[in-house]
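The block underneath contains the structure these notes are about, expressed in structure tokens.
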Amino acid sequence: MSEGPAPGFEQAFGVLRQFTRGRRSSGREVEHCELCSAGLAAEHPHLVELSSRRILCACDACALLFDGREKSRYRRVSRRIARLAGFEMTESQWESLLIPINMAFFFHTSLDARVVALYPSPAGAVESLLPLEAWNEIVDNNPELLTLQPDVEALLVNRVGHARGLAEAQYFIAPIDECYRLVGLLRTSWKGLSGGEEVWAEIARFFSHLQSNAEVIGGVPNA
């Protein structure tokens, strides 16, 4: 397996610093649109810069300029969150994706015309070589993946509890900024060799919040 820092690795660190800076702030600091400098509410749109995968904060007016535009420098990040309750993936299929940990996200990059696999680490987002045949087999079994919007939506996989026999695996269609937020949580909270209790508590809260805001697609939702 070939793995290493994802393209735009330094830009990815910028994304993580952006999210962690918001967590440390007192709440009085006002964020500004990174295109026009207008003040922003706590909840505001994000854009992704396609060449660097950098996430930018935007006002509603600027975000609207890039809503649904395919040939532009930026693309507005989707807000769709969906839990894929009927997702089908065998252990051998997961292993064939060559992800060294039990958490990752996958998205289609329009510039490179390929699917990218990233997983969180204490050093940030790391890209893993994704075998196309293995990915295509999973898509064949889960056609809802064909609805993923390039660059702005990802398949987010959490198999940590499943690997430990503690919980079912979780599969989401998630906005790309939420995926990078998860990377930031792990990077800033990780301690020692195993991560420590804090990082796993943060990750559990992240997925609990994601699930509470998700629509359910396929299967029968758990009670």
Filtered residues of segment 67-77 (kept if in a loop (DSSP other than H, G, I, E, B) and surrounded by 20 or more Cβ atoms within 10 Å (Cβ to Cβ)): Val77
Counted residues, segment 127-158 - those being hydrophobic (A, V, I, L, M, F, W, C), modelled with pLDDT under 95 and outside any helix (DSSP H, G or I): 2
Top-ranked residue of segment 168-193 - restricted to ones that are polar (S, T, N, Q) and not in a strand (DSSP E or B), ranked as nearest to Glu49 (Cα to Cα): Thr188
Residue in segment 30-43 that is in a strand (DSSP E or B) and either among the hydroxyl-bearing types (Ser, Thr, Tyr) or free of Cβ contacts under 8 Å to residues at least 24 places away in the same chain (or both) present: yes
Any hit, segment 57-66, residues being part of a strand (DSSP E or B), closer than 23 Å to Leu186 by Cα, touching a Leu at 6+ places or on another chain (Cβ under 9 Å) and not assigned by TED's automatic domain parsing to the domain that holds Glu153: yes
From Gly161, Gly165, residue being part of a helix (DSSP H, G or I), surrounded by fewer than 20 Cβ atoms within 10 Å (Cβ to Cβ) and either of a type in the set (A, V, I, L, M) or more than 15 Å from the chain's Cα centre (by Cα) (or both): Gly161
Residues (in contact (Cβ under 8 Å) with a residue 24 or more places away in the chain and in contact with a Leu (Cβ under 6 Å, 6 or more places away or on another chain)) located in segment 188-213: Phe206
Segment 51-65, residues that are surrounded by fewer than 19 Cβ atoms within 10 Å (Cβ to Cβ) and out of contact with any helix residue (DSSP H, G or I) (no Cβ under 6 Å at 6 or more places or on another chain): Ser51, Asp60, Ala61, Leu64, Leu65
Yes/no for Glu91 being in contact (Cβ under 8 Å) with a residue 24 or more places away in the chain and surrounded by fewer than 19 Cβ atoms within 10 Å (Cβ to Cβ): no
Evaluation of Leu47 against (1) touching a residue at least 12 places away in the same chain (Cβ under 8 Å); (2) surrounded by fewer than 16 Cβ atoms within 10 Å (Cβ to Cβ); (3) not assigned by TED's automatic domain parsing to the domain that holds Leu210 (one fails), failing number: (2)
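The values are calculated or read from the model by the stated rules, or taken from the named source; none is laboratory data. Not measured: the values here are computed from a predicted model. Here the Cβ is made from the backbone with ideal geometry for all residues, glycine too, and neighbour counts use every protein chain on show.
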